[in-house]
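None of the figures in this text is laboratory data; all of them are computed from the coordinates on show. What you see is a predicted model, and the numbers here were worked out from it, not measured in a lab. FYI the Cβ positions are ideal-geometry reconstructions off the backbone, even for glycines, and counts take in every protein chain you see.
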Amino acid sequence: MQNFITLSEIDSVVKMIKDQISIQPVAGIILGSGLNGLADSVQDAVRISYNDLPNFPVSTVHGHAGRFVIGYLEGKPVLVMQGRIHYYEGYTMGQVTLPVRVMQRLDIPSMIVTNAAGGVHPDFEPGDVMLITDQINLMGMSGLNPLMGPNLDEIGTRFPDMSQPYDRSYCELARQVAMDNGLTLREGVYAGLSGPSFESPADLRFLRMAGADAVGMSTVPEVIVARHGNMRVLGLSGISNKANLDGSTVTTHEEVIEAGKVITPKVEMIIRGVLRDLE
Ligand code: HPA
């Protein structure tokens with residue numbers, strides 16, 4: 001039996017954050033493995049460690065710091081999550097998505113979510129950036145939906161629509177930014193698995209047949225919770241490795257972090273461009 005996060009638990013975190021900031025963020029940004037660098041360029045930053053927030057899960061993964069960074073990017077007030085929480089760390093789905101609930105109770109209307117992912121599409125190469133146009137909720141299909149448990153009626157409906165998890169006009173904006181900057185932007189469907197083991201060759205062939213272009217261990221629960229509260233979402237995957245459909249290569253976390261160095265400036269360019277045009 002899971003412990004479900006209550007509105008008062010969310011609001012106690014929100015209160016502590018509000019007490020320390022004087023701006024209203026317009027976007028919440030979640031940084032994936034190896035993509036933490038962007039948080040360091042936030043201006044006039046207020047940093048709040050997850051450790052200092054009540055009932056807040058702490059990221060245990062190498063390559064993930066554990067704090068909110070609140071300040072300005074491209075002149076827009078943002079709240080950046082430097083370090084995300086993953087289900088495989090042993091947290092509940094409610095804990096994994098608590099940061100998104102916090103964004104919602106802070107009245108943040110948009111979320112930009114990034115991740116490191118394995119490229120399942122045969123044309124994708126390490127270092128590529130993929131605009132996420134849709135997702136496959138494999139965790140949810142096996143009974144791990146973050147909205148299970150009592151519905152938070154103040155935030156959203158019991159049975160939320162999921163026909164447009166990723167906002168079409170944000171996708172268009174990202175394409176435009178990529179084009180203007182001469183950056184090749186891949187596009188596709190992200191499949192979310194629990195991890196922490198990487199996929200077997202048969203897993204990967206299954207995912208490819210199911211329509212996945214990239215695979216990772218995050219993002220999908222966060223996006224479902226974001227959409228429950230009607231946030232508009234932009235999603236970007238940094239392709240850190242090529243899916244090993246025939247078992248001829250091995251995948252390591254070090255490889256994921258290393259690829260992040262090439263991917264970070266590209267993801268940063270798109271996020272900055274999108275923020276600039278955000279109304
Ligand atoms: N599989 C799952 N998650 C990942 C991968 C992968 O190949 N690469 C980075 N995150």
Overall Cα dimensions of the chain - principal axes, largest extent first, Å: 52, 46, 34
Pair SER194, GLN24: separation of 7 Å Cα→Cβ label points (nm): 4.0 nm
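Using the crude model of +1 on Lys and Arg Cβ and -1 on Asp and Glu Cβ, and no other charge, please compute the dipole size for the stretch 24-91 relative to its Cα centre, in debye to 20. List each step's numbers first, then the result.
Working: 4 positive and 5 negative charges, 13 e Å.
Roughly 60 debye for the stretch 24-91.
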Check: the stretch 1-160 dipole with +1 on Lys, Arg Cβ and -1 on Asp, Glu Cβ, in debye: 340 debye
Contact order normalised by residue count of the stretch 125-279, Cα under 8 Å, 6+ apart, percent: 38 percent
Percent RCO, i.e. relative contact order, over the stretch 68-192, from Cα pairs under 8 Å lying at least 6 residues apart: 28 percent
Beta bridges per DSSP with both ends in the stretch 25-171, % antiparallel, nearest 5: 55 percent
Computed magnitude of the charge dipole of the chain (debye, nearest 20; Cβ of K, R +1, Cβ of D, E -1): 260 debye
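Restricting to bridges with both residues inside the chain, how much of the DSSP beta-bridge set is antiparallel, in percent to the nearest 5? Don't skip to the end; give the middle numbers.
On the way: 17 of 47 bridges.
Of the beta bridges lying entirely in the chain, close to 35 percent run antiparallel.
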Gap separating the Cα centres of the stretch 187-225 and the stretch 130-160, nearest whole Å: 15 Å
Convex hull volume per residue in cubic angstrom - Cα atoms of the stretch 133-242: 113 Å³
Shape parameters for the stretch 216-279, alpha-carbon atoms, Rg then Dmax in Å: 15.2, 47
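If contacts are Cα pairs under 8 angstrom and at least 6 residues apart, what is the relative contact order of the chain in percent? It would help to have the intermediate numbers written out before the result.
Values: 571 pairs, mean separation 71.5, N = 279.
It comes to 26 percent, rounded to a whole number.
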Loop sites in the stretch 148-194: trypsin sites (Lys or Arg not before Pro), DSSP, at most 16 other Cβ within 10 Å: ARG158
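In µm²/s, what is D for the stretch 1-130 at 20 °C and 1.002 mPa s, where D = kT/(6 pi eta Rh) by Stokes-Einstein and Rh is the Kirkwood radius from Cα pairs? If you can, show how the numbers build up before the last one.
Working: Rh = 15.4 Å.
Translational diffusion coefficient: 139 µm²/s.
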Spatial extent of the stretch 1-49: Rg and Dmax, with the Cα atoms as the point set, Å: 14.0, 42
Debye equation applied to the C-alpha atoms of the stretch 48-186, log10 I(q)/I(0) at 0.13, 0.14, 0.19 Å⁻¹: -0.75, -0.88, -1.57
Two-decimal Rg to Rh for the stretch 99-146 - Kirkwood Rh, Cα set: 1.06
